[in-house]
Every structure is written in C-alpha cells, then in structure tokens.
Amino acid sequence: MEKIKVSIIGATGYSGKELIRILLKHPRIKLMHLVSASYVGQNICEVYPEFTNQLDKKLIELDIEKIVRDSDVVFTALPHNISLDIVPELLINKNQMKVIDLSADFRLKDSDNYTKWYKKEHSEKSRVFLKEAVYGLPELYKEDIKKATLVANPGCYPTSAILGMAPLLARRLVEADNIIIDAKSGTSGAGRKLSLGLHFSECNESFKAYKTTMHNHIPEIEQELSLLYNPDSGKDEGEKNKYGKKNKEIIVSFTPHLLPLSRGILSTCYLNLIEDCNEQDIVTLYQNFYQDAPFVRIFEPPNLPEIRFAQLTNYCDIGFTIDKRVGKIKVISVIDNLTKGASGQAVQNMNIMFNLPETMGLL
C-alpha cells in the first residue's frame, strides 16, 4: 500500500517532536523532510535522543521547492506570525499537496481580528488562503476537513473549551452571556523557547494566572462558540435564525493558569442554564452530540475527568456538575495540550483529509 509522504516544518519544537512521536507509529506514513531553523545539519536524534534507533534523519533548512516536490502533506508547526508567509508559498507551488498549520495564523476568519490579537497583518497572498482554510476541529467540521487543502489546527485551550461547551450552546440550553472559562495548562503549552517564568524553580510548587484579559486564544473561542450558537452564518447580531432565536455574538471571560506539570489542560466552564435540566438529560445530550466522535469521552456524574487520564492520548474527556442552587452548569473538559491540543489533532485531521480511519496511529 502506498505511503503518504509527510514533511514537518518546525520539527524541533514541542509540537514538532510530538508529531514525530505519533507519526513513527502510523502505518501509512513516510517521513520525508524535517525542517528546523535552529538545528540544520544535525540528526533529529541529537536534538531528541529518545528517537535513537527509531528515526535516522538530518534536519534541513527550509526549501519550499524540495518540500512541495517530495510531500503529500506538510505540517507547519511554527510560532504564530511565521506561517502567515510560509503557508501561501507552499500552496501556491502545490501539486495536490495539503497543509495542516498548527499556528493561529489561519484560524480567525476576520483578518482584522487577527491583526488586533496577533499584531501582524495578512498579506494579499495569505488572505486568499484564509478564505479557503478550514478550522480543524473534527468533532464539528469533519465533512469540511475531508475536502480541505489547508486546515487551521485549533489551539489547545480552544479545543478544550469549545468541545466542553459545544452541545449546550448548539442546543441553546444555556445563556449566551456571562460565560466564564477557568483553564489550567502544563508548561509545554508555552513552547520550547527559554523563558524565566518557565524555569523549574520558578514554576515548581507554584500556581499562577497569566494574561487574564487579553490571551490570544480568546477570539478563537468566541468565533467558534458564536458559530455554534448562531447556526445561520452571515446573519447580523439581533436578527433571528431559523429557530426564531436572536443571533448573538458570544463574549467569554477567560483566565488561563500555569500548572507545575509538563502536559495537560483542565478547563472549568461556567454557564447559566436556561432550562431546568437533570443530569441524565445532559448526559444524553452530550452522548448524542458526540456519537460519531471517537476521541470524546463523556464522564457521567458524579465522575469527573482528570488530567492524568488524558495525558499522552488524543482524547478530550468531558464531565459536568449541575449547581441548581445558583442555576449553573459547570463543565470540566480535559485534554493533553500537545496531543489533542496540537499534534494528535493534526494527525487526526490528516487521517480525515486522506480518507483513512480517523483513529489510525492515535490509539
């Protein structure tokens, strides 16, 4: 059976490393080129010795022509603002090639919103591909991903929060106002670059909030929750959708925290219930909503997910409690930020794009 030829641009960051770890187990993949700006000429095993006797491949500098010629799909695991220039060059020269971008550069449909939050403008070239990009959350957009040339892989916090709240907002069982997301992540979410706040002695045995009002995942979460709440796209706020309900832009209060562990995210989402639902109603809602989603696991009350259950897996674990005293539902959503929150989800998207079993290489 013919193998799918894969290249990774940004192979030595944490997401790139996680991609390699997963793809080495994938039966339909042939790794072609590993690109790194920092380690050109070195063997991947020199950077990550755990790949010794598993992968013997030198890291190369970026060569668009070579990558396009030798690849069926390219993962761009680069910092935000960098893919903005590289992805269009890959796709302009493509020969039936596909791109899965792990940065935020093609997630936000409004280019002005991207400029506001990421401090860089889309070029004329990148705007063309922004229109074509599919938001790569398979549980919501699987049919679009199947036909996509460019997939914008979701962020880690957004994956956890959106999947946790999607059924409630899509069915309008909760208010669109006063949504609070209290999220905690391991240190690998900040990437591999050196940072004083991520030194062991700075974050071990501690716990802190950061970017409490302007975290750059906020617009991504609000974009997708608004689309769920307003199923008729293109309607203005205040107009009615097909259910006779007024459209409303979702605004969230999001606070991220840094946990003294390497990987994992736990998001606790607070929403005001509109209807007097019981626990079994909510369990049934989530089970039906995610019945075709192999990587979503629903925990029935009183059980709640924990980070350790999801580490090194591509699962999103979701549990909830109903606080009738205050009329709220508290949704707890857990993922591994490097797997379901980044590279595992990227491989899941690749499987869908190439008509492979969605779970291939991920179980």
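Nothing in this text is a laboratory measurement; each read-out follows from the coordinates by a stated rule. Quantities reported herein were computed from a predicted structural model and do not represent experimental measurements. Heads up, the Cβs are rebuilt from the backbone with ideal geometry, glycines too, and the neighbour counts pull from every protein chain shown.
Here are the numbers for this structure:
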item: Qualifying trypsin sites (Lys or Arg not before Pro) for segment 285-348 [loop in DSSP, other Cβ within 10 Å: at most 16]; result: K324, R325
item: Label zone at Q42, where the point sits 7 Å out along the Cα-to-Cβ direction: segment 251-274 residues whose backbone N lies under 11 Å; result: none
item: Normalised contact order of the chain, rounded percent, pairs of Cα under 8 Å and 6 or more residues apart; result: 18 percent
item: FRET E, pair D56, A170, Förster distance 56 Å, beta-carbon r, rounded to 0.05; result: 0.75
item: Amide proton proximity set for S262, modelled H, under 5 Å, gap of 5+; result: T187
item: Top of V47, V174, V334 by mean-square fluctuation, Gaussian network on the chain, Cα under 10 Å; result: V47
item: Efficiency of FRET between K3 and R325 - r from beta-carbon atoms, R0 56 angstrom, step 0.05; result: 0.45
item: Listed peptides 250-262, 70-82 by packing density, highest first (mean Cβ within 10 Å); result: 70-82, 250-262
item: Kirkwood Rh and Cα Rg combined as Rg over Rh, evaluated for segment 39-89; result: 1.02
item: Between segment 138-191 and segment 9-48, the alpha-carbon center distance in angstrom; result: 26 Å
item: Rg over Rh, two decimals, the chain (C-alpha only, Kirkwood Rh); result: 0.96
item: Net length gained if the chain between E65 and E202 were fully extended (0.36 nm per residue, minus Cα distance); result: 45.0 nm
item: Computed label-point distance, nm, for sites N303 and D112 using a 7 Å Cα→Cβ extension; result: 4.8 nm
item: Cα gyration tensor category, rounded, prolate or oblate, for segment 206-363 with a/c compared to 1.5; result: rounded
item: C-alpha long axis of helix 14-23 to longest principal axis of the chain, angle in °; result: 80 degrees
item: Cα-based radius of gyration of segment 1-147 once divided by 2.2 N^0.38 Å, which approximates compact folds; result: 1.06
item: 0 to 90° range, to nearest 10: angle between helix 156-170 axis and the chain longest Cα axis; result: 40 degrees
